[in-house]
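Contents: one structure, followed by commentary.
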């Protein structure tokens, strides 16, 4: 078991008729107590009008109203009940008040419409479900909508695409608060992908690998098992039985990035885990992640994460000690 000094608080905003999956996903990630694993976990609260129903049939029983969103460190806003209608005024007001009070506000799917109505998305890069991206952009022209990503972290405001992307966003929040090792361990417990990154700009390409069409699943798994090697595009192409040109084309379609950029991202994530869970020197971590030298690791790590490896270890290293599977 491990302990942390502070217990981050998360509040979930629930209103009439919103989809139940988005509500359940946030409850599963932030609200489920896990004795013997991470102590303390999040202080989780569901905030809703009295007697509100979720999914048109599931009734929410909570003593916490929407105005209590302003007391939380993080506020989660699930999908809207109806994107063609204006979001409930009390919800919009409560979300705006929470953000003004310093809360980190995150939307799942069409919850972005609530954040936009609250004025939180003006001038920001955001995303939402691809089916409603054009509508969001038309209704709120000051918002820079990117329909081709899974989620975007813009600091104090985060937005995600459709339902499953909400889980990715929730795991990203856990990763930001507790580190990569804890987020990956939680993903294993949820039997979901631990991390679907695009780049350290904090957005994720929405294209998910089609095993039959692209045939790259085995290659990606093989690459992860050989991150300690100095892999080239030629090495990957040979392993996939493709020409380098075909590999690059298929790789872009499957992952939204280039083979070498994908490899670099995976090396950075592996380095994060090793910094959190081991006392290996930066030199050894550079070797185990295929970076070659400590100087190379430090350069790429700082560029991607924004801090030096040693600083990252001081922040998350002790937190990762003793996590139980």
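The values are calculated or read from the model by the stated rules, or taken from the named source; none is laboratory data. The model shown is predicted, which means the values in this text are computed figures rather than measured ones. Glycine gets a Cβ as well: all are built from the backbone with ideal geometry, and neighbour counts include every protein chain shown.
Values as computed for the structure displayed
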quantity	calculated
Selection count where residues are assigned to a helix (DSSP H, G or I) and either at pLDDT 80 or above or out of contact with any helix residue (DSSP H, G or I) (no Cβ under 7 Å at 6 or more places or on another chain) (or both), scope the stretch 303-322	11
Filter result for residue 309 (surrounded by 15 or more Cβ atoms within 10 Å (Cβ to Cβ) and farther than 30 Å from residue 40 by Cα)	no
Any hit, the stretch 242-251, residues being assigned to a helix (DSSP H, G or I), at pLDDT below 90 and exposed (fewer than 15 other Cβ atoms within 10 Å of the Cβ)	yes
So residue 153, is it within 20 Å of the chain's Cα centre (by Cα) and modelled with pLDDT under 95	yes
Number of the exception - residue 265 against (1) crowded, with 20+ Cβ neighbours inside 10 Å; (2) touching a strand residue (DSSP E or B) at 6+ places or on another chain (Cβ under 7 Å)	(1)
Qualifying residue in the stretch 13-22 (condition: assigned to a strand (DSSP E or B), under 18 Å from residue 114 (Cβ atoms), at pLDDT 90 or above and assigned by TED's automatic domain parsing to the domain that holds residue 177)	yes
Among (1) within 21 Å of residue 312 (Cβ to Cβ); (2) in contact (Cβ under 8 Å) with a residue 40 or more places away in the chain; (3) in contact with a helix residue (DSSP H, G or I) (Cβ under 8 Å, 6 or more places away or on another chain) - the single one residue 231 does not satisfy	(1)
Among the candidates 168, 156, residue that is in contact with a strand residue (DSSP E or B) (Cβ under 8 Å, 6 or more places away or on another chain) and surrounded by fewer than 16 Cβ atoms within 10 Å (Cβ to Cβ)	156
Leading residue by the ranking (nearest to residue 222 (Cα to Cα)) among those in the stretch 274-306 that are under 19 Å from the mean Cα position of the chain (by Cα) and surrounded by fewer than 21 Cβ atoms within 10 Å (Cβ to Cβ)	304
Hits in the stretch 54-82 (condition: surrounded by fewer than 17 Cβ atoms within 10 Å (Cβ to Cβ) and closer than 17 Å to residue 24 by Cβ)	55, 56, 57, 58, 59, 61, 62
Matching residues, the stretch 96-120, being under 21 Å from residue 141 (Cα atoms) and either without any contact (Cβ under 8 Å) to a residue 24 or more places away in the chain or out of contact with any strand residue (DSSP E or B) (no Cβ under 6 Å at 6 or more places or on another chain) (or both)	96, 109, 110, 113, 116, 117, 118, 119
Every residue from the stretch 125-145 that is surrounded by fewer than 18 Cβ atoms within 10 Å (Cβ to Cβ) and assigned to a loop (DSSP other than H, G, I, E, B)	141, 142
